[in-house]
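Read through the structure below, which is laid out as structure tokens, and then see the notes.
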Amino acid sequence: MEHRTTVLYVDDNPRSSRLLAGVLEECGFRVTVKVDPTEALALCRRASFEVALLDYEMPAMSGSRLAREIKSLVPDLPVVLLSGRRKLPSPELEFVNAHFGFGTSLDDLLWTMRILATPKVVVQNHGAGFHNRDHHFPRPISEPLRVTESRWSDST
């Protein structure tokens, strides 16, 4: 059986969440969608996910605040924040591993989610000739990945 990356996707817009969840499922992710951030937090207490994908602008709780709450429950869970803005203030990204703003591509989002969901492997140097290269994925929270330009434009 093939492993499918588990994603918690929180977006208060049911239409957007159905659309993106469907795309993510088609691309091999297993997606659990919540439209209420409070319900998403309760689910984080009961279930395990490999990536959290959060909408930034939600009326009950912002995506950045939800990211902080999720990290307090599950510190190692990578968080990806989606917004319609090209940039967000640094404090809004404090608990976010990657931010995707206006004009970014779906390919970039998918690639980043796969990289962030990759299990962390600790490699020790046990012999001559082996050199441990520094790979920095997942990115430290203090350095969120910001993707603000697309390789192709969306015609919608």
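Bear in mind these aren't lab numbers, they're just calculated from the coordinates by the rules spelled out. Just so it is clear, the model here is predicted, and its values are computed rather than measured. Cβ atoms come from the backbone with ideal geometry, glycine included; neighbour counts cover every protein chain shown.
Is one or more of the residues making up the range 70-82 of a type outside the set (Lys, Arg), more than 13 Å from the chain's Cα centre (by Cα) and assigned to a helix (DSSP H, G or I)? Taking every residue of the range 70-82 in turn, at least one turns out to be of a type outside the set (Lys, Arg), more than 13 Å from the chain's Cα centre (by Cα) and assigned to a helix (DSSP H, G or I). Somewhere in the range 32-51, is a residue closer than 16 Å to THR6 by Cα, in contact (Cβ under 8 Å) with a residue 60 or more places away in the chain and not aromatic (Phe, Trp, Tyr)? Yes; the residues of the range 32-51 include at least one that is closer than 16 Å to THR6 by Cα, in contact (Cβ under 8 Å) with a residue 60 or more places away in the chain and not aromatic (Phe, Trp, Tyr).
Restricting the first member to the range 6-21 and to residues that are touching a residue at least 40 places away in the same chain (Cβ under 8 Å), and the second to residues that are surrounded by fewer than 21 Cβ atoms within 10 Å (Cβ to Cβ) and in a helix (DSSP H, G or I), the beta-carbon pairs closer than 6 Å and six or more apart or on different chains are TYR9/ALA21; ASP11/SER17.
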